[in-house]
Amino acid sequence: MVKLIENEILKTFYKKRIHVIAGILLVLIALFAYGEHYTLTRTQDRVAEQLGIENAEDWKNIIGQQLQDLERRLDNPYIPDEGKASIQVRAEQLRFYLDNDVSPIGSTAARFMGQFIEQSIFLFLPLLIILLAGDMVSGEVNSGTVKLILTRPVKRWKILMAKLLALSMLEMFVIFMMALFSFAIAMVVFGYSGFNEPVITGFRVFEGQLDTSAVRTIPQWQYLMMTYAIGYFVAFVIGSLSLMVSVLVRSTSASIGIMMSTLIGGSFLSFFISDWKLTRYLFTVNLNLTSYISGSFQIVEGLSMTFSTLVLLGWSFGAIGIAFLVFTQKDILA
Amino acid sequence: MNTDTVLSLKNVSKKIKGRPIINDISFEVKKGQIYGFLGPNGAGKTMTLRMIVGLIRPTSGTVEICGHNTRKDFVRAMSNVGCIIENPELYEYLSGSDNLELLRKMEPDISASRIDEVVELVGLSHRIHDKVGTYSLGMKQRLGIAQALMKKPELLILDEPTNGLDPGGIKEFRSLVKSLSKEQGMTIFVSSHLLSEIQMICDEVAIILHGRIIKTSKVEALSAGQKITWNVTNVAKAIKLLADDFGVEAVKDTEETLSAFTDDFRIMEINSAMMSSDIGIKYVSRQQKSLEDLFMELTGGETIG
């Protein structure tokens with residue numbers, strides 16, 4: 001089995017798929033970093049102008065004022081305890097900025113890394129994975145090499161299993177590249193910083209209300225680990241779906257095309273999510289998992305980290321099941 | 001079952017979307033034989049070969065290789081088989097040696113030195129480290145043969161192996177097949193649409209038409225009787241004479257010629273009989289039987305198209 005997996009990984013590398021993905025990643029991250037840097041400078045100028053301060057370096061005053069304001073509200077007896085918890089967390093975050101001399105307005109390498117995965121998890125990352133997985137089986141059917149591997153004394157399920165395992169390793173590699181490249185580029189553009197900065201997390205939606213009782217801060221590096229791990233999970237789900245489509249259709253272009261259009265088309269349906277209940281069971285609307293921990297999502301009753309994770313797992317297992325069923329039974333006619 | 005039997009098909013049928021493609025095929029290949037599988041394009045040769053190597057499941061019937069059912073014991077059955085099915089499609093983006101290395105890892109035990117050995121055997125040593133994408137069709141064919149021979153299979157299955165080879169390559173291929181059979185005792189199952197090809201290398205042959213085996217026989221038996229063409233003054237009379245006196249069915253080809261299948265030794269008798277019946281003979285010619293002729297003979301005029 002190890003040898004079979006080795007073979008599959010070898011094929012992907014020799015096909016230069018990984019090279020293409022690495023190239024796309026580098027270009028896109030660089031552009032993203034440049035854009036981020038550019039907007040940041042503009043924002044800082046604008047903020048400075050609005051607040052009538054000399055330059056954005058005076059952020060300490062602003063934060064100081066905000067902190068005082070929060071502390072005043074904490075003393076307010078009319079605010080309920082759970083409200084206080086979230087204020088406490090926010091205050092803690094502001095205090096960190098002041099104590100460690102980190103500007104909340106500016107960007108840091110850590111923040112950039114976080115933003116990059118948050119922005120790419122629902123579309124860009126899945127597209128890369130589709131590129132990677134879309135031809136794993138159909139590519140071999142297309143070129144006829146499937147006849148070579150299926151006439152070896154190896155059971156068919158083992159061959160597909162090797163492909164699935166190789167794919168999950170390659171997905172991990174893509175996530176790793178994503179982290180590494182965004183780290184390296186961010187270091188160049190923003191300098192090493194912000195990995196200990198606290199990030200607010202722990203939002204929950206409970207009975208249609210934003211529940212902030214579990215809100216807490218975690219250091220940025222920990223937050224990044226979580227988001228990239230979630231990124232890997234999303235990659236795995238998309239990978240298994242692509243693998244299934246790749247088993248079902250004969251041509252690579254059809255396989256990649258079907259997955260891409262499903263992904264993009266399916267994400268449109270998220271507009272209807274609050275009214276049309278069925279749409280929430282689609283995998284495409286559940287991909288934005290990082291938004292649950294960053295708290296940047298729109299509140300929809302019934303959607304939660306657990307729900308989305310389960311839906312995605314369901315799709316993933318279903319896809320893997322179908323892929324194995326079809327692949328082990330299929331007649332290789334062409 | 002006989003332990004000498006390397007490959008046996010029993011009542012194998014295949015239907016695709018309800019349409020019968022292969023009907024109730026049975027034959028046996030004995031150890032050490034070079035067995036030909038002859039049929040025109042579209043007769044079901046490749047489909048049958050794919051069923052033998054497990055790429056397609058038969059709708060009914062069984063395929064056994066060295067006594068192992070390919071459905072129930074695929075791994076053991078296939079560990080005895082080296083094959084090329086249709087074109088030798090290999091990984092174009094890998095070098096020849098990487099291709100072989102990759103496939104070697106999928107087999108139970110082939111030594112690394114065996115790769116050099118087969119590469120040498122098929123005469124590909126000088127280009128083996130180049131990408132397969134840069135190979136000519138003939139070179140791909142050779143690499144295909146190398147991967148099939150790599151594990152010293154008990155049974156070698158070759159599908160239209162001379163397609164794409166130049167005349168020199170075809171000759172080389174024939175001597176390779178013969179030496180594999182003679183020196184290593186390998187059993188070889190080879191499909192072709194060329195009768196001459198089969199006649200030159202095979203011991204025994206199964207002939208397939210429209211998804212049915214219409215004949216299995218020794219190759220020598222098949223060659224008996226060639227197509228004889230007479231150019232005579234009275235075609236109708238000659239046909240009648242052949243039918244009445246010799247029991248040979250002749251066909252009128254043109255206004256002046258007729259042809260029939262018969263053995264060498266009878267030609268003289270027929271000729272003198274014709275002359276004594278006042279049929280003038282301008283010339284007599286003998287032809288190597290073509291596949292079409294053979295099918296005409298076997299099926300009684302059914303077209304192969």
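The values are calculated or read from the model by the stated rules, or taken from the named source; none is laboratory data. Being a predicted model, the structure only gives us computed values, none of them experimental. Using ideal geometry, Cβ is built from the backbone for each residue, glycine included, and neighbour counts are taken over all protein chains shown. Surface areas here come from the heavy atoms of the whole protein model, side chains and all, with no ligands, DNA or RNA. Shrake-Rupley method; radii C 1.70, N 1.55, O 1.52, S 1.80 Å.
Got a number for residues in the stretch B:125-134 being assigned to a loop (DSSP other than H, G, I, E, B) and crowded, with 20+ Cβ neighbours inside 10 Å?
Filtering the stretch B:125-134 for residues assigned to a loop (DSSP other than H, G, I, E, B) gives B:128-130.
Restricting the remaining residues to those that are crowded, with 20+ Cβ neighbours inside 10 Å gives B:128.
Of the residues in that region, 1 qualify.
Among (1) at pLDDT 95 or above; (2) within 13 Å of another protein chain (Cβ to nearest Cβ), which single condition is A:THR151 missing?
(1)
Could you count how many residues in the stretch A:246-279 are in a helix (DSSP H, G or I) and open to solvent by 20 Å² or more (accessible area, probe 1.4 Å)? I'd like the intermediate steps shown before the answer.
In the first step, residues of the stretch A:246-279 are kept if they are in a helix (DSSP H, G or I); the result is A:246-248, A:252-272, A:277-279.
Then keep just the ones that are open to solvent by 20 Å² or more (accessible area, probe 1.4 Å); that gives A:248, A:252-254, A:256-258, A:260-262, A:264-265, A:267-272, A:277-278.
Residues flagged as in a helix (DSSP H, G or I) and open to solvent by 20 Å² or more (accessible area, probe 1.4 Å) within the stretch A:246-279 amount to 20.
If you take the residues of the stretch B:238-267 that are under 33 Å from the mean Cα position of the chain (by Cα) and β-branched (Val, Ile, Thr), which of them is nearest to B:ILE198 (Cα to Cα)?
Checking each candidate, the answer is B:THR262.
Check every one of the helices (runs of 4 or more DSSP H) wholly within the stretch B:6-111 and list those with 3 or more residues that are within 13 Å of chain A (Cβ to nearest Cβ) and more than 17 Å from the chain's Cα centre (by Cα). Lay out the reasoning, then the answer.
Numbers: elements: B:45-52, B:74-78, B:96-104.
By residue number, B:74-78, B:96-104.
Identify, please: which residue in the stretch A:294-314 is modelled with pLDDT of 90 or more and under 17 Å from the mean Cα position of the chain (by Cα) and is, among those, nearest to A:VAL89 (Cα to Cα)? Working first, answer last.
Going through the stretch A:294-314, the residues modelled with pLDDT of 90 or more turn out to be A:309-314.
Still in the list and also under 17 Å from the mean Cα position of the chain (by Cα): A:309-313.
Numbers: A:THR309: 26, A:LEU310: 29, A:VAL311: 31, A:LEU312: 31, A:LEU313: 32 Å.
For the stretch A:294-314, the residue satisfying everything is A:THR309.
Go through the stretch B:246-277 and count every residue that is small (Gly, Ala, Ser) and open to solvent by 30 Å² or more (accessible area, probe 1.4 Å).
Initially, the stretch B:246-277 is screened for residues small (Gly, Ala, Ser), giving B:247, B:250, B:259-260, B:272-273, B:276-277.
If we keep only those that are open to solvent by 30 Å² or more (accessible area, probe 1.4 Å) too, we end up with B:247, B:272, B:276-277.
Looking only at that region, the number is 4.
Give the stretch B:29-78 a look and list any residue that's among the hydroxyl-bearing types (Ser, Thr, Tyr) and open to solvent by 20 Å² or more (accessible area, probe 1.4 Å), or say none. Can you show your working first?
Kept after step one, since they are among the hydroxyl-bearing types (Ser, Thr, Tyr), are these residues of the stretch B:29-78: B:35, B:46, B:48, B:59-60, B:62, B:70.
Once the filter is applied, which keeps residues that are among the hydroxyl-bearing types (Ser, Thr, Tyr) and open to solvent by 20 Å² or more (accessible area, probe 1.4 Å), the stretch B:29-78 yields B:THR46, B:THR59, B:SER60, B:THR62.
Against the conditions (1) over 18 Å from the mean Cα position of the chain (by Cα); (2) in contact (Cβ under 8 Å) with a residue 40 or more places away in the chain; (3) surrounded by 21 or more Cβ atoms within 10 Å (Cβ to Cβ); (4) in a helix (DSSP H, G or I), where does A:VAL154 fall short? Just the number, please.
Every condition holds for A:VAL154 apart from (4).
From the list B:GLY61, B:GLY67, pick out the single residue that is under 19 Å from A:PRO153 (Cβ atoms) and touching a residue at least 24 places away in the same chain (Cβ under 8 Å). Show your work before the answer.
Values: B:GLY61 fails: under 19 Å from A:PRO153 (Cβ atoms).
On inspection, the qualifying residue turns out to be B:GLY67.
Only one residue in A:GLY194, A:GLY139, A:GLY134 is open to solvent by less than 10 Å² (accessible area, probe 1.4 Å) and small (Gly, Ala, Ser). Which one?
Working: A:GLY194 fails: open to solvent by less than 10 Å² (accessible area, probe 1.4 Å); A:GLY139 fails: open to solvent by less than 10 Å² (accessible area, probe 1.4 Å).
Result of the check over A:GLY194, A:GLY139, A:GLY134: A:GLY134.
Before we move on, is A:GLU171 open to solvent by less than 20 Å² (accessible area, probe 1.4 Å) and either within 14 Å of chain B (Cβ to nearest Cβ) or more than 18 Å from the chain's Cα centre (by Cα) (or both)?
Numbers: open to solvent by less than 20 Å² (accessible area, probe 1.4 Å): yes; either within 14 Å of chain B (Cβ to nearest Cβ) or more than 18 Å from the chain's Cα centre (by Cα) (or both): no.
Criteria not met by A:GLU171.
Got a sec? Which of A:LEU333, A:LEU243 is away from chain B (no Cβ under 14 Å) and either surrounded by fewer than 19 Cβ atoms within 10 Å (Cβ to Cβ) or part of a helix (DSSP H, G or I) (or both)? Don't jump to the end; show me each part of the working.
On the way: A:LEU333 fails: away from chain B (no Cβ under 14 Å).
Unique residue meeting the criteria: A:LEU243.
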